[in-house]
Amino acid sequence: MNPDDLLNGRLKLRHLVLLTALADHGSLLRAAEHLHVTQPALTRTLRELETLLGVELFERGPRGMTPTVYGRAFAAHARRVLAELRQAGRHLAELADGQVGTVTVGAHLAGTNVLLPRAIAALKAERPRVTVVVREATPDLLEAELLAGDVDFTLGRLLPSPDTRVTQHTLCRESIRLVTRAGHPAHTLGDPALEDLLAYPWVVPVPQTALRHELEEALWRRGLSLPEDRVECTSILTLRTLLLETDMVAALPELVARGDDRLAMLPTALEMMGQTVGVTLPADRPLTLTARLLLRHLRAAAADIRP
């Protein structure tokens, strides 16, 4: 295949949409249901694309379709093209009416309790017709959505050595504290050691998070491991309810617990556990006007709470 053949009009947007849907769903049937088209139509479109490229994009097996090395490579490019087109559409809509627009932010725990609500409130006070969409997920899923253009930027804990396709900007630092319900029996122990607290059940982050790894390391330095009696959870609503209605213990960003009179922080120190909270942006895709406005308000909210 001559690379210039992709510019002669034979490659269609529907080819790129199909490719990413198949890569995401792993089967023609699920991809067809997602795209609201028939399975034979999808099969024809895939055949067209593979003929155009001259390579096999998926391996067909009894458990579905797996991208080949060619499929994985071309799907990555297809996601970037579709992300740019989505961004272009939002940009034009904002140029047509500077008072409207949509900004989608991905969030995971850190910053969602104080920073994000304050920034959204400030943006809505300035531009009431702007729509803000908040998507919560684990950091790995949020990064995939960021690179695909499904979110404008993400807010949360900044991880070291980020992907070269993204850039990071620090907003503030936040301590990690051990949290229980107010009135939890552990508060009668004065300054309990970690060993004492492992007698209670815990709510811990899922393995895909940096906080989980740091918690495991903090326990390991004391010759300890995660309690066997535990729940692994990413939902802040579920986590808070578990804390309020049981004797569970959780390691949480301080701002999540601060201001909630039904939760209480234990004095037990978690050495070397803290987090840098910030935003992650796509390196090669400019933010829309509404995304830039929300980011400006996030920086202002961070300045208000920064120690």
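Summary table below
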item	result
Cα→Cβ-extended label distance, 7 Å offset, between Arg72 and Ala210, nm	2.5
Options (1) 56, 43, 41; (2) 99, 53, 29; (3) 73, 51, 32 - which one matches Cα extents along the principal axes in Å as calculated here	(3)
Exposure of Ser175 as accessible area (Å², to 10), given a probe of 1.4 Å and all protein chains	60
Charged-residue dipole, Cβ positions (Lys, Arg, Asp, Glu), region 1-95 about Cα centre, Debye nearest 20	200
Dipole of the chain [Lys/Arg +1, Asp/Glu -1 at C-beta], most positive-end residue of Leu6, Ala73, His297	Leu6
GNM flexibility winner over the chain from Gly61, Gly259, Gly190 (Cα, springs under 10 Å)	Gly61
Space enclosed by the convex hull of the alpha-carbon atoms of region 117-202, per residue, Å³	183
Positive-pole candidate from Pro286, His34, Gly190, dipole of the chain, charges at beta carbon	Pro286
With every protein chain in place, region 152-307: carbon and sulfur % of accessible area (1.4 Å)	51
Leu85 accessible area, 1.4 Å probe, all protein chains in place, Å² to nearest 10	90
Distance between modelled label sites at Arg165 and His36, nm, 7 Å Cα→Cβ extension	2.8
Accessible area in square angstrom per residue, the chain, 1.4 angstrom probe	51
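The values are calculated or read from the model by the stated rules, or taken from the named source; none is laboratory data. Everything numeric in this text was worked out from a predicted model, so none of it was measured. Backbone-built Cβ (ideal geometry, glycine too); neighbour counts: all protein chains shown. Note: accessible area is taken over every heavy atom of the protein model, side chains too, but ligands, DNA and RNA are not part of it. Shrake-Rupley method; radii C 1.70, N 1.55, O 1.52, S 1.80 Å.
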